[in-house]
Amino acid sequence: MLGRLRRIPGHLRPRRLRLYGVGNGKSGTTTLAQMFDSFRAAHELDLARLRPVAAAVVEGELEPDSPEVRAMLRRRSWRFNLEVDSANHLTPFAGTLADLYPDAKLVLLVRDCFSWLDARVEWDLRFPPTDGTERLAWHAAQFTRYDAVFGSEEAVLRDARLRPLASYLRRWAEATEGVLRDVPEDRLLVVRTEDLGQSAELLARFAGIPESTVHPAHANRNDNRTGLLGRIPAAFVLARAQEHCAGLMERYWGPEWSRLTARLADRSAL
């Protein structure tokens, strides 16, 4: 009987939990999915369908609770029957997912804005979005729509065909604040990225599953950094962070959060 049960297609098996992992890209959504490898878990599944809709929501072309969005999310749920669905691209739909599925629980991953900014810049250098792809549309929706201009201190970003610091940091704050605003507190768990590896017990308790079914993991480590962000004056980076990220940074890292500029590439502590 057990052998026959295992041969049942995944989308027909009973769902033991419904957990969504959201947050800015480069905040640990890959690691989160890997921690739940005892379940039907996936990271950024079916991006060709998901990205264009997510981009339209962020751009304001679609309401996150529109019939089109709700239908897309229902089809995704039925088609894949995932128990843990983790993706940066699900972040614009966090509130809609909570509304659609009363049994849904969401984990919001929050990485400090400095190490996140460094990781984001390094990622865009390694994998620049290509014209005509859905990845370019998603990248533009997140960062290009802001009318930020380059300061002279960040000319290295302009020369590398990246975005101004303000564009990156505004999106960091906006995405996080949107989830905090739209998801009921009793169904939301906020985990700092730096704590994720030690959060198996916390995640299991939140999901209502045995702790033994959640396993520590660490994905997407980059050992070939360019250190580009380290060429921008620390004071300039901090000023931009104070302008766009101060409230969230103080909430999750305390009043001395500005000292975390030490986490920037090739940067010593202030």
### Summary
Applied in sequence order to the stretch 160-166, the curve 6.51 cos²θ - 1.76 cosθ + 1.60 (Karplus, θ = phi - 60°) yields integer Hz couplings, x standing for Gly and Pro, of 8, 6, 9, 10, x, 4, 4
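Subtracting the Cα-Cα distance from 0.36 nm times the residue separation, let me have the gained length for GLU201 to PHE236 in nm, one decimal.
Details: separation 35, 0.36 × 35 = 12.60 nm, distance 3.89 nm.
The span from GLU201 to PHE236 would gain 8.7 nm if fully extended.
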### Which of LEU117, PRO233, ASN24, positive extreme of dipole for the chain (C-beta unit charges)
ASN24
### Message
If the elastic network links every pair of Cα atoms under 10 Å, which of LEU82, LEU109, LEU45 fluctuates the most in the Gaussian network model of the chain?
### Response
LEU45
#### Entry: Cut-off 11 Å, label 7 Å out along Cα→Cβ of SER66, residues of the stretch 37-53 by amide N
53
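From the convex hull of the Cα coordinates of the chain, what is the mean projected area in square nanometres? Walk me through the numbers before you get to the answer.
Working: hull surface 60.6 nm².
Over all viewing directions, the chain projects a mean Cα-hull area of 15.1 nm².
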### Task
Kindly write out, for the stretch 230-246 in residue order, the coupling ³J(HN,Hα) from the Karplus curve 6.51 cos²θ - 1.76 cosθ + 1.60 (θ = phi - 60°), rounded to whole Hz, with x marking Gly and Pro.
x, 8, 9, x, 4, 5, 5, 4, 5, 4, 5, 5, 5, 5, 10, 10, 4
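At a Förster distance of 45 Å, what's the computed FRET efficiency of ALA155 paired with GLU185, Cβ-Cβ distance as r, to 0.05?
With R0 = 45 Å, the Cβ-Cβ based efficiency is 0.60.
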## Note on the structure
In this structure, the FRET efficiency calculated for LEU100 and ARG126 from their beta-carbon separation, with R0 = 51 Å, to the nearest 0.05, is 0.90
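All of the numbers you see were taken from the coordinates with simple rules; none came from a lab. None of the values given here were measured: they were computed from a predicted structure. Note that each Cβ is placed from the backbone with ideal geometry, even for glycine, and that neighbours are counted across all protein chains shown.
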